[in-house]
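Working notes, beginning with the structure itself.
Values quoted throughout were computed directly from the atomic coordinates according to the rules given, and no laboratory measurement underlies them. Remember, it's a predicted structure, so these values are computed and weren't measured experimentally. With ideal geometry, Cβ positions are generated from the backbone for all residues, glycine too; neighbour counts draw on all protein chains shown.
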Amino acid sequence: MIFFVTGGSRGLGESVVLEAARAGHDVAFTYNSRRDAADAVIAKAKEISPSSKVLAYGLDVRDSAAVERVGDEVLDEFDTVHAVVCNAGVNLNGLAANMSDDDWKFVVDTNLTGSFYVARQFLPTLVRNKFGRLIFMSSLGRNGVSGQANYAATKAGLCGLSATLSKEYARRGITSNVVAPGFFETDMTKADMSESNKDFWLKYCPVGRIGDPKEVASVVLFLASAGASYVNGTVIDVTGGLDWAP
Ligand SMILES: NC(=O)c1ccc[n+]([C@@H]2O[C@H](COP(=O)([O-])OP(=O)(O)OC[C@H]3O[C@@H](n4cnc5c(N)ncnc54)[C@H](OP(=O)(O)O)[C@@H]3O)[C@@H](O)[C@H]2O)c1
């Protein structure tokens, strides 16, 4: 299969890229600004699976024209795409009363609008193939987290977007699902509220530990597989059993 993964240069997206390569798939993935990080992921993927074609594309998902351009480049290079993983995301935390227009817009444009642009870009290809897997990276935070009004709204929005696509395109062989991770140590969580989040997680998560990014990637790979053909319009929590956040 051919995967398209946004935000594959670091964190959870990197893990999806590497696990897809490990399973023998080809992967086109994007980064926003860190070409160095993307190159390092390509090198790791080559080591894991020398026969997989793994290429990186610079893309700011907030820019619909750029999504179109990169989408065309990927289709030129790979011929087609089977699984689209809308993973790129950011957070910019603050209490709602103090949240600026810019902070709201930055997160909504990246997490929600960017994911819509990417899904829309590849839908004609998936329809033509009569096969497709749309996978959106939401979060436990979709249920609301103090200090993350913008982030939580986008993560809930992705569930509505995916549920809609799951209805519009299921009869064309396309499924649409959401993966909702809990707490994983990546640059995103290291940068903000790391220690308090970590303490909370270790105290209340039934599994008693922070997740390994591979534990998200394996769920993404399952949803992309032929075996997941009747899994559609759902949200899979990957949280070690914790279903709330403060
Ligand atoms: N980590 C967690 O515990 C956790 C929990 C729940 C949900 N999630 C979700 O999982 C996804 C990945 O999170 P992460 O922790 O792996 O984040 P991360 O380590 O901060 O990586 C973010 C990725 O998104 C890319 N990106 C950022 N802004 C972009 C833009 N405007 N256009 C295109 N790409 C952009 C980055 O590219 P560059 O490398 O070029 O900057 C990077 O590849 C996000 O959607 C996040 O909300 C994470």
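Membrane-span-like helices in the chain (whole DSSP H runs, Cα extent of at least 18 Å along the helix axis, mean Kyte-Doolittle hydropathy of at least -1.0): 35-48, 64-78, 114-129, 149-168.
With one equal scatterer per alpha carbon and no solvent term, the Debye-computed log10 I(q)/I(0) for the range 108-207 at 0.12, 0.16, 0.21 1/Å reads -0.47, -0.74, -1.04.
What is the sum of charges, Lys and Arg at +1 and Asp and Glu at -1, for the other residues whose Cβ falls under 11 Å from the Cβ of ASN232? Working shown, then result.
Working: positive: ARG133, LYS167, ARG171; negative: none.
That sum, taken over residues with Cβ under 11 Å, equals +3.
Every Cα-Cα pair of the chain was included, and the share exceeding 21 Å stands at 55 percent.
Dividing the summed -39500 (n - 2.57) terms of all DSSP H runs of n ≥ 4 by the residue count of the chain sets its mean residue ellipticity at 222 nm at -14500 deg cm²/dmol.
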